[in-house]
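In what follows, a structure is listed as structure tokens, so that the remarks can point back to it.
Just so you know, all these numbers are worked out from the coordinates, no wet-lab data involved. Computed from a predicted model, the values in this text were never measured in an experiment. Neighbour counts are summed over all protein chains in view; Cβ atoms, including those assigned to glycine, are modelled from backbone coordinates with ideal geometry.
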Amino acid sequence: MQQQLASAQQRIEEQLLSALASLKLADQRLADAMQYGLLNGGKRLRPFLAYATAEALGGEWQQADVAACALEMVHSYSLVHDDLPAMDDDDLRRGKPTCHVAFDEATAILAGDGLLTAAFEVLAGAPTSDPQRLTLIRLLAQSAGGAGMVAGQAIDLNHVGKSMTLAELENMHRHKTGALILAAVEMGAYSVSATLDDKIAAALRTYAEAIGLAFQVQDDILDIESDTETLGKAQGADVALNKPTYPALLGLDGAKQKARELVEQAQQALGALPGDSSTLAALAQYIIERDH
């Protein structure tokens, strides 16, 4: 899995550099901040999911390149904005100063805006059929906006210092983290085919929703068990902000059991796919074994 992830990371870095170069960015400081927010490391999990899903449906990685770029641009924009003083107020991201620290708050806001809009510019030029291109744009817009990731962040900010039930916590993370993970899987699939069999679409959704929650459960566990150097961001930040977390609701052992159950659910769903889904299965396991 580490070798496959490394290959995907190298591929998406090259694709992102090419995509940035193709944009007609009219201000150098803005361009520098956008590149800083986009290319300062990261697991590149969402592009990898798009690649692995394309593979599981019998396609090639190159078919998902544009979707992978757009997904990572949106993910990076969300991190730049989440780190802002008005949001999570973080000074570290991926082991480096956050964008607003490295530049300034206004530039970071604009860099995030630039990355978000660039994602749709990139998708608009995808070398696919018109129906596929429109589907990719719709999936990313729905997952990133008020029906998905943005709603999740709003729910999160509205519950700092407040109690949450397990159902409320899962609803928040299905939007904040899970929506873009689901989009990565679905966009990988629609990069290969303009239509999906209902059984395959349902299996992909089950897989994506399970690993999306598992990812967040593991993040909550790492916030307790890991350290700042390994995480690349401040350890214990969620506890310090009194944020609702899975360990807080389930206990640390209960949270780990929850993560294992979600991975098992995800892997069982893969039996419905026609291609090689071994990479998706291994990725589900990696999500709860990672240390950052």
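What to note about this one:
- Estimated FRET transfer efficiency (Ala26, Met87; beta-carbon r; R0 25 Å; 0.05): 0.40
- For the pair Arg94 and Ala147, a Förster radius of 22 Å applied to the C-beta separation gives a FRET efficiency near 0.20, rounded to the nearest 0.05.
- Under the simplified labelling scheme, the Leu157-Gln2 pair shows an inter-label distance of 3.9 nm, with each label point 7 Å from Cα along Cα→Cβ.
- Residue-count net charge about Ala189 - beta-carbon cut-off 13 Å; Lys, Arg +1, Asp, Glu -1: -2
- Sequence-distant residues sharing a close amide H with Arg93 (under 5 Å, placed H): Thr98
- Residues within the reach of a label modelled at Lys199 (point 7 angstrom out along Cα to beta-carbon, backbone nitrogen below 13 Å), restricted to segment 267-292, are 270-275.
- Candidate aspartates and glutamates - alpha carbon under 12 Å from Lys256, same-chain residues fewer than 8 apart omitted: Asp219, Asp220, Glu225, Glu289
- A Förster radius of 41 Å combined with the Cβ-Cβ distance from Glu121 to Leu166 puts the calculated FRET efficiency at roughly 0.55.
- Computed extension length for Asp130-Glu14: 39.2 nm, one decimal, from 0.36 nm per residue of separation with the Cα-Cα distance subtracted.
- For the chain, the 222 nm mean residue ellipticity estimated from helices alone, with every DSSP H stretch of n ≥ 4 adding -39500 (n - 2.57) and the total spread over all residues, rounds to -22500 deg cm²/dmol.
- With 20 Å as the limit on Cα-Cα distance, the pairs of Lys43/Lys96; Lys43/Lys176; Lys176/Lys199 that go past it are Lys176/Lys199.
- Normalised contact order of the chain, rounded percent, pairs of Cα under 8 Å and 6 or more residues apart: 21
- Near Leu39, no amide H atom lies under 5 Å from its own; only residues 5 or more places off or on other chains count, and H is placed 1.01 Å from N.
- Sequence-ordered 3J(HN,Hα) estimates for segment 31-46 from the Karplus curve with 6.51, -1.76 and 1.60 and θ = phi - 60° stand at 4, 5, 5, 5, 5, 4, x, 8, 10, 9, x, x, 6, 6, 5, 5 Hz, glycine and proline given as x.
- Cα-based shape type of the chain, given that a ≥ b ≥ c are square roots of the gyration tensor eigenvalues and the cut on a/c is 1.5: oblate
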